1. So if each residue of separation counts as 0.36 nm, and I subtract the Cα-Cα distance between GLU39 and PHE130, what length gain in nm does that give?
2. Which FRET efficiency value, to the nearest 0.05, do you get for TYR49 and GLN122 by plugging their Cβ-Cβ distance into 1/(1 + (r/R0)^6) with R0 = 25 Å?
3. Can you send over the carbon and sulfur percentage of the accessible area for the range 14-82, probe radius 1.4 Å, protein chains only?
4. By accessible area of protein heavy atoms, probe 1.4 Å, what ranking do LYS86, LYS23 get, highest first?
5. Evaluate the charge dipole of the range 35-97 about its Cα centre and quote only its size in Debye, nearest 20, assuming +1 on the Cβ of each Lys and Arg and -1 on the Cβ of each Asp and Glu.
6. In the full protein assembly as shown, how much of VAL80 is accessible to a 1.4 Å probe, in Å² to the nearest 10?
7. Taking a probe of 1.4 angstrom, what is the accessible area of GLU126 in Å², to the nearest 10?
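The values are calculated or read from the model by the stated rules, or taken from the named source; none is laboratory data. Note that the structure is a prediction, hence the values are computed from the model and not measured. For neighbour counting, all protein chains shown are included, and Cβ atoms are generated from backbone atoms with ideal geometry for every residue, glycine included. Accessible surface is based on the protein model in full, side chains and every heavy atom, while ligands, DNA and RNA are left aside. Shrake-Rupley method; radii C 1.70, N 1.55, O 1.52, S 1.80 Å.
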Amino acid sequence: VQQHFDSHPLSWAQQQLLPMVMKDFQKVVQQADLSSWRETVATLVSYTYDTPNFAPLLNELASRLESAGNTHAATLCYMVSGNIEKAVERWLAEGAHSKEGSSSQGAAASSSEASAAASALQAAIEKLHFYSLARGCNG
């Protein structure tokens, strides 16, 4: 199999298909084009969902996406992997980031920052609640 892919004229076949055929999903995640992250998630869900590697692979993809600045995609990957801690961390960071530009000066600024933090926390709790309902968790 390796020999066939090595002689293949299309480089994408070597980079994308060979790791899947060889079931080297770590390599799939490491070489994934981040603009096609949805396809990578679909591949991982299709081929690794029932394995112990599923969550670590998705967390690695999420980390790569986060480093590349695609925080929304990273948050979704953390959710799919079941990494609630990182998903909530991202939700809180997104909430704080969206409120940053609207702060004033002086005492109003600290009040505004506290309000922004409270709003971000409330939004994160609401998302977590609906996420737990979707996953079938009680409470």
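1. 30.3 nm
2. Once the sixth-power term is evaluated, E becomes 0.20.
3. Of the solvent-accessible surface of the range 14-82, carbon and sulfur hold 51 percent.
4. My answer, sorted largest first, is LYS23, LYS86.
5. Charge dipole of the range 35-97: 80 debye, to the nearest 20.
6. Approximately 60 Å² of VAL80 is accessible to the 1.4 Å probe.
7. Approximately 90 Å² for this residue.
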